[in-house]
Amino acid sequence: MVDAAAIGDGIFQISVPMTHNPLGSTLVYAMESPGGLILVDAGWDGDEGWEGLTGGLESVGHSISEVEGVVLTHFHPDHTGLCGRVREASGAWIAMHEADHDLFEKMSSGRDAEWMDYQLTNMARAGAAQADLDAFAGAAGGDAPVGPGSAPDRILSDDEVIALTGRGLRVVFTPGHTPGHACFYLEDADVMFTGDHVLQKTTPHVGNFVYPLEERDALAEFLDSLRRVQSMEVTRGLGAHGLPIDDVAGRAGELIDHHEERLTHLLDAFGDDQITVWEVAQRMKWYRPWENFHPMAKGMALSEAAAHLRHLVAREQVGQVPGTEPAVFARR
């Protein structure tokens, strides 16, 4: 089934399906450019996704061979997976912010024994028990979620303008969800393609992935990026998942409030205890009980808990207790 439409302001929206993924699809956007078409993101790799993308373009009067370039909001495989096929079919350039390039290369290198050893060692530093490490190892797949043929060949920088037909698409650097996440602002229509930075219903994942305490404060980046988007007073937001956003500034404010509430809840959850990063994750407020999480979902939740912990440390509300292995943290 083809799911594509012209949605106004010279924008075509194509829903690219994902097999066996709860998100269901990635919304890819296309606009006419001097050399053909520019796509915002490409969708998950797979035959079903490829048929959705190519069939969607054909249903709105275009062809995959017309694609001049793909601008990527970030490196995750539901956004980058089909880039290789698009480039092979059209000769398109693929562009991404520099801060996500290294992460893309790591993602496309496959999940070999070295990758697994690092993951298990890293999780052990967070305080994961052996049973949890075994469960994670048993659940993790071996294939890379995106092939090296999809690698970007063009660097995007903040405030750069991508040429469209008679107008421009401005890069808005919005780190947080990933270090190199970017939104794209269609200035003449006051429309922003928000990727996974601001979504109509879903709360984007924000994580730190190095334990016990990463130098990068991902949550601080995300909150700052939300405030930047708030200040732009965008009329309409088009995310990679879900419905259009009628009030981008208002939705950004809701996401800021959500994380402030989670930080307050987590700080209270410490009590007088000294706890590991893994225990921080166990005490975080989730949408379902921790014990019901799939092992891979626990890994993602651990990264999100670590991001909130890292931000509490930056705010000097929590500190690491010296001389402990694995590391433990306590309220100050």
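Nothing in this text is a laboratory measurement; each read-out follows from the coordinates by a stated rule. Given the structure is predicted, the values throughout are model-derived calculations rather than measurements. Backbone-built Cβ (ideal geometry, glycine too); neighbour counts: all protein chains shown.
What dipole magnitude, in Debye to the nearest 20, does the stretch 1-139 give about its Cα centre under +1 on Lys/Arg Cβ and -1 on Asp/Glu Cβ?
Result for the stretch 1-139 is approximately 140 debye, rounded to the nearest 20.
Does the stretch 202-253 classify as rounded, prolate or oblate by the C-alpha gyration tensor (a ≥ b ≥ c root eigenvalues; a/c under 1.5 gives rounded; else a/b over b/c gives prolate, otherwise oblate)? Let's see the in-between values first.
Values: a/c = 4.02, a/b = 1.94, b/c = 2.07.
Because a/c hits 1.5 or more and a/b fails to exceed b/c, the stretch 202-253 counts as oblate.
Running a GNM on the chain with Cα contacts under 10 Å, which residue among Arg167, Arg216, Arg288 ends up with the highest mean-square fluctuation?
Residue with maximal mean-square fluctuation among Arg167, Arg216, Arg288: Arg288.
Tell me, Ser63, Ser157 in order of fewest to most beta-carbon neighbours within 10 Å?
Placing the least packed residue first, the sequence is Ser157, Ser63.
Output the antiparallel fraction of DSSP beta bridges having both residues in the chain, as a percent to the nearest 5.
70 percent
What order do you get for Arg125, Arg227 when you list them from fewest to most C-beta neighbours inside 10 Å?
Arg227, Arg125
For the chain, with only Lys/Arg (+1) and Asp/Glu (-1) charged at the beta-carbon, what is the dipole magnitude about the Cα centre, in debye rounded to 20?
My answer is approximately 600 debye.
What FRET efficiency comes out for Thr121 versus Leu267 if R0 is 30 angstrom and r is the Cβ-Cβ distance? Round to the nearest 0.05.
So, using R0 = 30 Å, E works out to roughly 0.55.
Which distance in Å, rounded to a whole number, links the C-alpha centroids of the stretch 173-221 and the stretch 1-30?
20 Å
Using packing as a proxy for protection, rank 75-88, 194-207, 265-278 so that the peptide with the highest average count of other Cβ atoms within 10 Å comes first.
Peptide ranking by packing, descending: 75-88, 194-207, 265-278.
Using just the helices of the chain, give the 222 nm mean residue ellipticity in deg cm²/dmol: DSSP H runs with n ≥ 4 each add -39,500 (n - 2.57), and the total is spread over all residues, rounded to 500.
-11500 deg cm²/dmol
Nearest 5 is fine: what % of DSSP beta bridges in the stretch 184-275 come out antiparallel, could you say?
Of the beta bridges lying entirely in the stretch 184-275, close to 50 percent run antiparallel.
Stretch Trp290-Thr165 to full length: gain in nm at 0.36 nm per residue minus the Cα-Cα span?
Contour length minus Cα-Cα distance gives 40.0 nm.
Given the options Gly237, Ala220, Ala301, identify the residue whose Cα lies farthest towards the positive end of the charge dipole of the stretch 192-332 (+1 on Cβ of Lys, Arg; -1 on Cβ of Asp, Glu).
It is Gly237, whose Cα lies furthest towards the positive end.
What is the percent of Cα-Cα separations in the stretch 229-315 that go past 15 Å? Show your work: numbers first, answer last.
Details: 2467 of 3741 pairs.
That tail contains 66 percent of the Cα-Cα pairs.
Taking amide H positions as placed 1.01 Å from N in the peptide plane, with prolines and chain starts having none, which residues 5 or more places from Phe329, or on another chain, fall under 5 Å of its amide H?
Placed amide hydrogens put Ile275, Thr276, Val321 under 5 Å from Phe329.
May I ask you to list, by number, the DSSP H helices of the chain whose Cα span along the axis is at least 15 Å and whose average Kyte-Doolittle hydropathy reaches 0.0 or more?
Answer set is 218-232, 295-314.
Which distance in Å, rounded to a whole number, links the C-alpha centroids of the stretch 59-118 and the stretch 283-321?
After rounding, the separation between the Cα centres reads 29 Å.
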